[in-house]
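Below is one structure; the comments refer to it alone.
The values are calculated or read from the model by the stated rules, or taken from the named source; none is laboratory data. This structure is a prediction, so every number in the text was calculated from the model and none was measured. Quick reminder, even Gly has a Cβ in these numbers, built from the backbone with ideal geometry, and neighbours come from all protein chains shown.
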Amino acid sequence: MGGVNEPRRLGPRARALAVGLRLLRHVPRRLFWGAARLVYPTFSVGVVCLMLDDRLQILLVRSPYNRGWTVPGGFLKRGEQPREAGERELAEELDASGLRLAEVGANVRRQRRQIDFIYLARISGGAAGQLSSRSAEVEAMEWFSLDELPDLHPDAARFVDRLRRELTAPNRFDEALSDDELVQLRNWAER
């Protein structure tokens, strides 16, 4: 078995691919990315926000274009980062600003070619009572107990389930690292 720095013996197809990949570094970047867009699938990117109040109730909205209750969110604008889009969507749809968003995860829907970034937001009681929708995208909004959710749109159900899975996961890195390694990395991160 070879070491890390020992050259690997490649078959003829692998050698041809390696040469082709080396040549790519000489292709102008605009041409490279233009070709990549033709070859690789493109996805739309969205963001959704699971908003909780002081009683840990979740805010759900009804929109004119979805069946069932769902969560606030929308698509990213060109050049926008997901967290920025989440903040913008909360401001546009619910007149909510200044909320801290915690990343829950991402949901990939291959059939739709869509990626949704899922965020969790916490809003205090006073501010929760002041939310108002000034958007045509929101017909109604209401707070619900997590134990008594209404009929959810299938996407919203997936987002809530993802939050549940992330909250019950023992540790995001425990499958890759030992307990000792996790302690060392936490110590490093806190420096």
Worksheet item: Before we move on, is Ala91 modelled with pLDDT under 95, among the small types (Gly, Ala, Ser) and over 23 Å from Met141 (Cβ atoms)?
Response: no
Worksheet item: Name the residues in the range 123-148 that are within 22 Å of the chain's Cα centre (by Cα), under 15 Å from Val48 (Cβ atoms) and either surrounded by fewer than 12 Cβ atoms within 10 Å (Cβ to Cβ) or not acidic (Asp, Glu) (or both), would you?
Response: Val138
Discussion item. If Leu120 meets every condition in (1) modelled with pLDDT of 90 or more; (2) over 12 Å from Met51 (Cα atoms) apart from one, which number is that one?
Written reply: (2)
Worksheet item: Which members of the range 66-79 meet the condition of being loosely packed, with under 15 Cβ neighbours inside 10 Å and free of Cβ contacts under 8 Å to residues at least 40 places away in the same chain?
Response: Phe75, Lys77, Arg78, Gly79
Discussion item. Test of understanding: among Ala91, Ala18, Ala96, Ala35, which residue is over 18 Å from Asp155 (Cβ atoms), surrounded by 11 or more Cβ atoms within 10 Å (Cβ to Cβ), touching a helix residue (DSSP H, G or I) at 6+ places or on another chain (Cβ under 6 Å) and free of Cβ contacts under 8 Å to residues at least 60 places away in the same chain?
Written reply: Ala96
Discussion item. I'd like to know if the range 45-55 contains one or more residues that are more than 17 Å from the chain's Cα centre (by Cα), surrounded by 13 or more Cβ atoms within 10 Å (Cβ to Cβ) and within 30 Å of Phe144 (Cα to Cα).
Written reply: yes
Worksheet, complete the sentence: Every listed condition ((1) modelled with pLDDT under 95; (2) closer than 17 Å to Gly129 by Cβ) holds for Arg78 save (2)
Fill in: Residue identified as in contact (Cβ under 8 Å) with a residue 12 or more places away in the chain and surrounded by fewer than 11 Cβ atoms within 10 Å (Cβ to Cβ) among Asp116, Asp155, Asp151, Asp179
Asp151
Worksheet item: Looking at Arg158, is it in contact with an Asp or Glu (Cβ under 8 Å, 6 or more places away or on another chain) and either over 20 Å from Leu76 (Cα atoms) or not aromatic (Phe, Trp, Tyr) (or both)?
Response: no
